[in-house]
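One structure is given here, and the rest of the page talks about it.
The values are calculated or read from the model by the stated rules, or taken from the named source; none is laboratory data. This structure is a prediction, so every number in the text was calculated from the model and none was measured. Because the Cβ atoms are built from the backbone with ideal geometry, glycine has one as well, and the counts that use them run over all protein chains shown.
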Amino acid sequence: MAAPTAKKAQSSELKRRIIITLFLLAVFRVGVFIPTPGIDAEALSGFFQSASGTLLDFATMFTGGALERFSVFALGIMPYISASIILQLLTVVVPTLEKLSKEGESGKRTITQYTRYLTIVLSVIQGMMIAIGLESMSGPAGEPIVLAAGWSFRLMTVITLTAGTSFLMWVGEQITERGIGNGISLIIFVGIVANLPSAVNNTYALAKAGEMSPIFLLFLAFLMIAVVAFIVFMETGQRRIPIQYPKRVVGRKVLGGGTQHLPLKVNSAGVIPPIFASSIIVFPATVVSFVDIPAMKTVADSLNPGGLLYNVLFVAAVIFFTYFYTAVQFNPKDVADNLKKQGGFVPGIRPGPNTAEYIDTVLSRLTLWGSLYLAVVCVLPSILVSQFNAPFYFGGTALLIVVGVAMDTAQQIESHMLSRSYDGLLKKGKIKK
């Protein structure tokens, strides 16, 4: 009776994690519809409709529509992601932070706390800039968006938006710790997926009105299927380095020996590079677009998705963050040292520094192809789609995040089940890790 009882308890644990995850994501979706005080919702909606196809559309997608409604979650989770990027970059150049990063869990907790503080600072700055910008803007009929401009509105907006981002940060951490999957990625995932029905409806309306031909609709569907298939293929692709372990004689028995493999993924960074790149490029430019300064508006307009400057900066940022995040997550020297301690070696390569150099060379080549794959998937479909005035939600960045996060979450659920002696989540064609 002990085994069934244990399995029942393990099943309850997995169900509890899934329920917690779904509940917290539902709370996020409810918050998207809670408006920030002092805003004329109709005038704001008209302003966003007049800005359709610009950078604001892209930012709205990442916030799950919260920015368009200017809800309490209007800033989304992006200030937290920006803070994480800044702290990770500083960890490389600031000795104190580098020392903290090597102190295990205690150092990681300290850096996480610094990230939270920096998130608050960035939220206050962005909230203030948006509040000041909204005071100078108006709807399609010239009606003011802000009902009562002044410092009371600005302070209320800053407090509301900062509290909303802080709450989302807490929700993401709770999902990661108590639920299933990466909480921050899932929040972005849900925001994108929530906008898909309206994008499909808009596409149908355009087709019904004759503004989009059936041939192009077929092309768009084929493009999406092809991009999804390519993402799955690349995300499961890996290079396996053979590792040989010598045999050991213990008494009259021969133990160990044989060949194992060290799997190196083509894209070790996952969906983090495009998310980081979007956070660095899109959201500062989005905040600037709310400021009524001609020079800044020119910069914001030049960064519209599909434009030359945006694509160049986005590709450069994706490549940089792919290498950077891979270097942060995977240290060839540590892997080589662990192999040497365990008696393992790569055939034809001397243990120690030579093995570390070999692994680093292989990883660098894989990361190059991985970064190019991410850049192509994120930029090329967006360029093609923007030429035909299709909904931007069909862009490559959104598809990459949706597919990547879905695969990662499915892998975590399957790992959770397999670690408790369950059958795999996918009985046919399991997703490779």
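Structural remarks
- Residue count for the range 131-171, restricted to those that are within 30 Å of Ile413 (Cα to Cα) and out of contact with any Phe, Trp or Tyr (no Cβ under 7 Å at 6 or more places or on another chain): 3
- Options Ala26, Ala3: the member that is at pLDDT 80 or above, of a type in the set (Gly, Ala, Ser) and loosely packed, with under 13 Cβ neighbours inside 10 Å: Ala26
- Residue check for Ser101: of a type in the set (Gly, Ala, Ser), surrounded by 13 or more Cβ atoms within 10 Å (Cβ to Cβ) and within 24 Å of Val271 (Cα to Cα): yes
- Contact map, the range 327-345: residues that are loosely packed, with under 13 Cβ neighbours inside 10 Å paired with residues that are at pLDDT 85 or above, Cβ distance under 7 Å, separation 6+ or inter-chain. Pairs shown: Gln329/Ser268.
- The range 164-223, subset hydrophobic (A, V, I, L, M, F, W, C) and assigned to a loop (DSSP other than H, G, I, E, B), residue nearest to the chain's Cα centre (by Cα): Ile180
- Note on the range 228-256: residues that are modelled with pLDDT under 85 and either assigned to a strand (DSSP E or B) or under 41 Å from the mean Cα position of the chain (by Cα) (or both) total 10.
- Filtered residue count, the range 20-37, keeping only those that are part of a helix (DSSP H, G or I) and either touching a residue at least 40 places away in the same chain (Cβ under 8 Å) or farther than 14 Å from Leu168 by Cβ (or both): 10
- Every residue from the range 115-126 that is buried (at least 23 other Cβ atoms within 10 Å of the Cβ) and either of a type in the set (Ser, Thr, Tyr) or more than 22 Å from the chain's Cα centre (by Cα) (or both): Thr119, Ser123
- Entry remark, the range 191-222: residues being within 30 Å of Lys15 (Cβ to Cβ) and either free of Cβ contacts under 8 Å to residues at least 12 places away in the same chain or in contact with a Lys or Arg (Cβ under 7 Å, 6 or more places away or on another chain) (or both) number 2 in total.
- Residue in the range 135-157 that is hydrophobic (A, V, I, L, M, F, W, C), surrounded by 15 or more Cβ atoms within 10 Å (Cβ to Cβ) and within 23 Å of Ile184 (Cα to Cα) present: no
- Condition met for Phe28 (over 24 Å from Asn311 (Cβ atoms) and within 17 Å of the chain's Cα centre (by Cα)): yes
- Residue within the range 364-378 that is among the aliphatic types (A, V, I, L, M), under 16 Å from Gln238 (Cα atoms) and buried (at least 17 other Cβ atoms within 10 Å of the Cβ) present: yes
- Applying a threshold of 8 Å to beta carbon distances and a minimum spacing of six or more residues, or different chains, the list of pairs starting in the range 310-325 at a residue that is buried (at least 19 other Cβ atoms within 10 Å of the Cβ) and ending at one that is hydroxyl-bearing (Ser, Thr, Tyr) and outside any helix (DSSP H, G or I) reads Tyr325/Ser268.
- Of residues in the range 6-21 being surrounded by 14 or more Cβ atoms within 10 Å (Cβ to Cβ) and at pLDDT 85 or above, the one nearest to Asn202 (Cα to Cα): Thr21
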